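What follows is one structure encoded as structure tokens, with my remarks underneath.
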Amino acid sequence: MKRPRLDPRLGAGLLLLVALWLAAAVPAVLDAAGRVRERNTADRLGRAVDTAVVALQDERRASLVRLAGGDATALTAARERTDRARDELRSLDGRWAYTESAGALVSSLDALDVVRSQLDHGEMESAAVFGAYGSVIRDGLGLSWLPAGPLGRAREALSQEDAMLRTALGTTAGAGEADRLRVGELAGERRAWLAAAGASAEAGSAADPGSSAGPGAVASADGQRLAAIEDRLILDKGQRVTPAEWAAAADPVNAALRAAETSAARAAVEDATPAAIGATVYAALVAGVGLVALLGVVALVRRFRPTYPPVAAAPAEADGAGLQDLLLDLHRRSQRLVHRLLRLLDGLERRQSDEEMLGQLYRADHLATRVRRNTEKAITLAGGAPGRQWRRPMPLGEVVRGAAAEVDGYVRVSTSQIEPAALAGDAVLEITHLLAELIDNAVSYSPAETRVRTGGRWADGGYTVTVADAGPGMSDLDLDRAREVMADPRPPTGGLWQGFYAVGRFAARRGVGVRLLRGPAGGLVAEVALPAGLVSHPEAAEHRPGGPPINRVDRMRARLSEVDTTSVDLSNVGHGAASEAEAQ
């Protein structure tokens with residue numbers, strides 16, 4: 001029965017509807033995915049990075065105190081908190097919210113093991129420890145998607161000031177001139193970051209009386225106390241600041257900054273949540289409703305599509321021998337056309353001396369030769385006999401080289417280890433195509449920098465041709481499947497085993513045995529056992545040293561010697577295949 005055809009105008013309309021639906025749905029889905037990703041990144045990954053930064057700041061302070069002779073217990077606890085934060089951050093690796101910058105922070109945390117070892121062995125000074133930890137902390141604070149970035153940097157300035165002074169104030173000399181200058185720099189840096197953050201009045205008043213964080217900043221008792229301590233340190237008024245005084249002034253401000261930072265991060269996540277939900281709902285509506293409408297239109301088109309009266313079935317012969325004869329006739333016509341094309345190219349190549357045009361002709365020659373190979377293979381597999389035949393035995397070395405020349409990448413094929421032998425003329429074409437299939441398989445499934453080696457030797461009253469590659473080889477299951485395909489006269493389903501099927505059919509027509517083995521150093525070795533009736537020892541007259549080569553690649557090389565230039569590279573030219581020289 002003839003299947004009803006879809007009106008081209010309806011088909012065009014359906015394609016237009018699909019295009020419009022995709023134009024609306026794809027941007028909506030991508031926008032929703034981006035908003036959800038941003039929200040999850042700020043939530044889960046942002047909290048993990050923030051925890052790691054706080055742990056690093058505590059470990060830096062404890063390391064400097066330990067370097068100055070302080071207690072090691074606090075340092076051990078700080079390192080454990082840092083390691084837990086690093087493990088939590090690493091556990092998020094592979095999830096869709098993970099970013100490359102977070103991965104870089106994990107790598108920096110891993111590198112701290114070297115710093116810790118040097119510090120424990122007394123191989124680092126306080127300035128080096130300060131710089132090593134500061135570099136890792138900057139990696140965390142520099143992530144642009146952290147919602148409380150400026151507040152985090154303001155607290156980092158106070159953290160640096162705290163770590164430096166807890167160590168310096170505990171010494172006999174107290175804070176030096178360099179320490180006082182650094183205190184002034186860090187205090188100014190903290191005020192600048194708070195101004196950039198636009199902190200709330202509560203956070204600003206608790207953090208610094210001199211900042212523009214909020215209207216209540218000057219009234220903060222904690223901020224005023226910290227400012228007074230910093231003034232005493234910077235101006236050096238003769239009143240030494242003790243570690244306890246500094247801790248009493250800095251700890252409340254640090255806690256207030258931490259609370260403001262956490263609050264800002266939470267607010268950013270809460271603000272991003274409605275936008276992510278809204279974008280997701282909109283994308284679902286656009287994609288879902290559009291898809292339902294499109295399916296409805298398709299159903300209506302199928303329901304009201306015009307029908308046609310049934311057509312009487314063709315005779316059964318059209319599906320059997322009649323169709324096969326028709327296909328064989330079409331293949332033979334294609335073969336004759338390819339032969340005419342190759343003869344035309346031969347004539348053009350002989351008369352051409354321009355190197356660029358000669359290279360183009362060789363590429364066309366190669367493509368035509370590959371078409372001929374496929375046509376002849378189709379004729380043979382369909383039960384026919386190709387028109388090309390050889391009248392007299394041909395040297396097996398020439399046959400192997402002709403088979404190699406039928407595949408792409410023939411320059412990788414070595415044909416130097418072939419003992420002299422002659423192949424019966426009526427078997428030349430089928431054996432050439434059989435070997436071409438095996439060589440093509442070896443070239444395709446082995447690295448481009450390796451060679452495919454062919455060889456031939458007299459053995460067991462016959463002659464054996466081998467094709468060996470340096471590829472990954474085949475598993476036992478694949479080897480068994482390949483042997484089944486070669487032995488079965490029925491073609492395999494799918495296109496994965498067509499080459500081995502062709503090998504099996506060529507071999508069966510001539511009584512040739514084909515074995516697939518693993519190579520001693522890896523790869524695959526194919527052994528083709530030619531029976532004694534197909535091969536013979538060559539006579540001296542059959543070498544015909546003055547005659548033309550059997551394959552087109554050798555003929556191309558011979559023709560290049562007649563041209564003044566040698567810049568045509570046959571390895572880059574379409575690779576010619578076995579010619580019809582000596583063919584009738």
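For THR273, THR172, THR380, what's the largest-to-smallest order of accessible area, 1.4 Å probe?
Ranked list, largest accessible area first: THR172, THR273, THR380.
Quickly rank 439-447, 280-288 as a protection proxy: mean count of other C-beta atoms within 10 Å, highest first.
In decreasing order of mean packing, 439-447, 280-288 become 439-447, 280-288.
Which value, in Å², gives the accessible area per residue of segment 393-471 when a 1.4 Å probe is used on the protein heavy atoms? Don't skip to the end; give the middle numbers.
Working: 2660 Å² over 79 residues.
Using a 1.4 Å probe on heavy atoms only, each residue of segment 393-471 averages 34 Å².
Would you mind working out the magnitude of the charge dipole of segment 369-509 relative to its Cα centre, with +1 at each Lys and Arg C-beta and -1 at each Asp and Glu C-beta, to the nearest 20 Debye?
Numbers: 17 positive and 17 negative charges, 104 e Å.
Approximately 500 debye in magnitude.
As an exercise, use a Förster radius of 51 Å and the Cβ-Cβ distance of ARG340 and ALA23 to find the FRET efficiency, rounded to the nearest 0.05.
Step by step, r from the Cβ atoms, then E = 0.50.
To the nearest 10 square angstrom, what accessible area does SER416 show with a 1.4 Å probe?
90 Å²
Based on the alpha-carbon gyration tensor of segment 420-539 and its eigenvalue square roots a ≥ b ≥ c, which shape applies: rounded if a/c is under 1.5, prolate if not and a/b is larger than b/c, or oblate?
Oblate.
Taking +1 at the Cβ of each Lys and Arg and -1 at the Cβ of each Asp and Glu, which of PRO520, LEU423, SER446 sits farthest along the dipole of segment 423-524 towards its positive end, judged by Cα position relative to the Cα centre?
Final value for the positive-end residue is LEU423.
Give the shape of segment 438-491 as rounded, prolate or oblate, defined through the alpha-carbon gyration tensor: a ≥ b ≥ c are the square roots of its eigenvalues, a/c under 1.5 means rounded, and otherwise the shape is prolate if a/b is larger than b/c and oblate if not.
It comes out oblate by the Cα gyration axes.
Sort VAL241, VAL65, VAL292 from largest to smallest accessible area, using a 1.4 Å probe on the heavy atoms of the protein chains.
So, going from the largest accessible area down, we get VAL292, VAL65, VAL241.
Considering every Cα-Cα pair within segment 45-93, what fraction, in whole percent, is farther apart than 13 Å?
On the way: 613 of 1176 pairs.
Across segment 45-93, Cα pairs with separations above 13 Å total 52 percent.
Rounded to whole Å and sorted largest first, list the principal axis extents of the Cα atoms in segment 375-488.
Sorted from largest, the Cα extents of segment 375-488 read 40, 33, 31 Å.
Counting only protein chains, not ligands or nucleic acids, how are ARG505, ARG155, ARG401, ARG47 ordered by accessible area (probe 1.4 Å), most first?
My answer, sorted largest first, is ARG47, ARG401, ARG505, ARG155.
The values are calculated or read from the model by the stated rules, or taken from the named source; none is laboratory data. A quick note: this is a predicted structure, and the numbers were derived from the prediction, not measured. Using ideal geometry, Cβ is built from the backbone for each residue, glycine included, and neighbour counts are taken over all protein chains shown. Quick note on the areas: whole protein, heavy atoms, side chains included, nothing else; ligands and nucleic acids left out. Shrake-Rupley method; radii C 1.70, N 1.55, O 1.52, S 1.80 Å.
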